[in-house]
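A.B. asks: Next up is a structure, given as structure tokens.
The values are calculated or read from the model by the stated rules, or taken from the named source; none is laboratory data. As the structure is a prediction and not an experimental result, all values here were calculated from the model. Note: ideal-geometry Cβ built from the backbone for every residue, glycine included; neighbour counts use all protein chains shown.
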């Protein structure tokens, strides 16, 4: 299934874009980034397809947290760890349901 070009979270449309690394010059190994102010979800264009799906769902969860909870969804210091777990779990459920996006 072709990956969406635009995803709506709350009242905001986010463009889903593939981008070359580094997505965050200050953090090594970052494979995705959600830019809430500009409405963009960036995914590292060089990572494998299955990892792109996991990264996509991870960034969606960040967007939901920002829109609905202003990043206070999880206890302080645990945000990234919990988003990692939820993103991985959501990607697995979607894959098991046959919903796997093809990016690019």
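A.B. asks: Checking the structure you have, find out if any residue of the range 45-64 is in contact (Cβ under 8 Å) with a residue 24 or more places away in the chain, farther than 20 Å from residue 84 by Cβ and not in a loop (DSSP other than H, G, I, E, B).
C.D. replies: no
A.B. asks: So residue 27 ticks every box in (1) touching a helix residue (DSSP H, G or I) at 6+ places or on another chain (Cβ under 8 Å); (2) not in a helix (DSSP H, G or I) but one. Which box is left unticked?
C.D. replies: Unmet for residue 27, out of (1) touching a helix residue (DSSP H, G or I) at 6+ places or on another chain (Cβ under 8 Å); (2) not in a helix (DSSP H, G or I): (1).
A.B. asks: Take the residues of the range 30-44 that are touching a helix residue (DSSP H, G or I) at 6+ places or on another chain (Cβ under 7 Å) and in a loop (DSSP other than H, G, I, E, B): which is nearest to residue 68 (Cα to Cα)?
C.D. replies: Out of the qualifying residues, it is 36.
A.B. asks: Okay, moving on. Output yes when any residue across the range 17-24 is touching a residue at least 12 places away in the same chain (Cβ under 8 Å), surrounded by 11 or more Cβ atoms within 10 Å (Cβ to Cβ) and on the phi > 0 side of the Ramachandran plot, and no when none is.
C.D. replies: Checked the range 17-24: no residue is touching a residue at least 12 places away in the same chain (Cβ under 8 Å), surrounded by 11 or more Cβ atoms within 10 Å (Cβ to Cβ) and on the phi > 0 side of the Ramachandran plot.
A.B. asks: Right, another one. State which residue pairs qualify: first residue without any contact (Cβ under 8 Å) to a residue 24 or more places away in the chain and at negative phi and inside the range 3-15, second residue loosely packed, with under 13 Cβ neighbours inside 10 Å and part of a strand (DSSP E or B) in any location, beta carbons under 9 Å apart, and separation of 6 or more residues or different chains.
C.D. replies: Pairs found: 6/13.
A.B. asks: Okay, next question. Is the range 78-94 home to any residue that is more than 22 Å from residue 5 (Cα to Cα) and modelled with pLDDT of 95 or more?
C.D. replies: The answer is yes, given that some residue of the range 78-94 is more than 22 Å from residue 5 (Cα to Cα) and modelled with pLDDT of 95 or more.
A.B. asks: Among the numbered criteria (1) out of contact with any strand residue (DSSP E or B) (no Cβ under 7 Å at 6 or more places or on another chain); (2) surrounded by 15 or more Cβ atoms within 10 Å (Cβ to Cβ); (3) assigned to a strand (DSSP E or B), which single criterion is violated by residue 14?
C.D. replies: It fails just one condition, (1).
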